[in-house]
Amino acid sequence: MPNNKRKRLSKIKGKEKAHPYSRKARQISRAMTKEANISKAKSDRIGIAMARGQKVVWFRDRINEDDLKSQKTWTYLELQNLLAEYLNRNREQVDELEEKRNTVRGLSPKETLFLQVTETEAKEAKLSGIDVPDLTNGLVVKTLRIWDGDVNSITTIKLVNCKPL
């Protein structure tokens, strides 16, 4: 079957009249599977980029607060303390949800997902560390402070792997 590899569904002619076991039906099936895989990969990439962006935005907002505004660089120990602060940013909500979990009603799926994400984040931090902006480098700190929050330009900010204390 040379030259029957149609890559896109829009390029296949006569889709409506295809017999279920024909070559054209297999072309349609391949094209639909390919489009589904491409869209799934795209949504996965977007999700990862958004999560990374939220993390970097938290660090940017934290270093732009009044108590840290004058600091140009951080030591690795201070970076570890900032990471511990990042991991504990939702501690009050987690405690409330843990208390709510023990009641008769239980948790909604959204609340359960929130707890799972925070637990996974904490485990990942302890086992392999988390990629955080390299605040030990003055150029990265300067870039992070003027960063506009665009996910596409996040590659200009150097990330290092750091474990909490």
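Observations
- Over the chain: Rg over Rh, Cα atoms, Kirkwood Rh: 1.19
- Separation in nanometres of the label points that stand 7 Å from Cα toward Cβ, at Asn137 and Gln116: 3.5
- Applying 0.36 nm per residue to the separation of Ser70 and Arg145 and subtracting their alpha-carbon distance, the gain on full extension is 25.8 nm.
- As a fraction of the 1.4 Å probe accessible area of the chain, surface on carbon and sulfur atoms comes out at 54 percent.
- Note on Val160 and Leu107: the extension gain reaches 15.5 nm, defined as 0.36 nm multiplied by sequence separation minus the Cα-Cα distance.
- Loop GluC sites (Glu not before Pro), region 44-132 (other Cβ atoms within 10 Å of the site Cβ: 10 or fewer; DSSP): Glu65
- In the context of the full set of protein chains, the chain has a per residue accessible area of 71 Å² (1.4 Å probe).
- Set of aspartates and glutamates with alpha-carbon distance to Lys24 below 15 Å, sequence-local pairs under 8 removed: Glu16
- For region 45-60, the Karplus equation 6.51 cos²θ - 1.76 cosθ + 1.60, evaluated at θ = phi - 60°, returns couplings of 4, 5, x, 5, 5, 5, 5, 5, x, 4, 5, 5, 4, 4, 5, 4 Hz by residue, with Gly and Pro reported as x.
- Amide proton proximity set for Cys162, modelled H, under 5 Å, gap of 5+: Ile130, Asp131, Val132
- With all protein chains modelled, accessible area of Ile46 [1.4 Å, Å²]: 90
- From phi via Karplus (6.51, -1.76, 1.60), per-residue ³J(HN,Hα) for region 80-94 in Hz, x at Gly/Pro: 5, 5, 4, 5, 4, 5, 4, 5, 9, 5, 10, 4, 5, 5, 5
- Entries in Lys11/Lys42; Lys11/Lys34; Lys55/Lys123; Lys72/Lys158; Lys100/Lys126; Lys55/Lys126 that, when Cα-Cα distance is taken, lie over 19 Å: Lys11/Lys42; Lys100/Lys126
- FRET efficiency for the pair Asp95 and Glu124, taken as 1/(1 + (r/R0)^6) with r the Cβ-Cβ distance and R0 = 25 Å, rounds to 0.75.
- Along its principal axes, region 89-130 has C-alpha extents of 36, 18, 13 angstrom, given from the largest down.
The values are calculated or read from the model by the stated rules, or taken from the named source; none is laboratory data. Everything numeric in this text was worked out from a predicted model, so none of it was measured. Glycine gets a Cβ as well: all are built from the backbone with ideal geometry, and neighbour counts include every protein chain shown. Side chains are part of the model used for accessible areas, which takes the heavy atoms of the whole protein and leaves out ligands, DNA and RNA. Shrake-Rupley method; radii C 1.70, N 1.55, O 1.52, S 1.80 Å.
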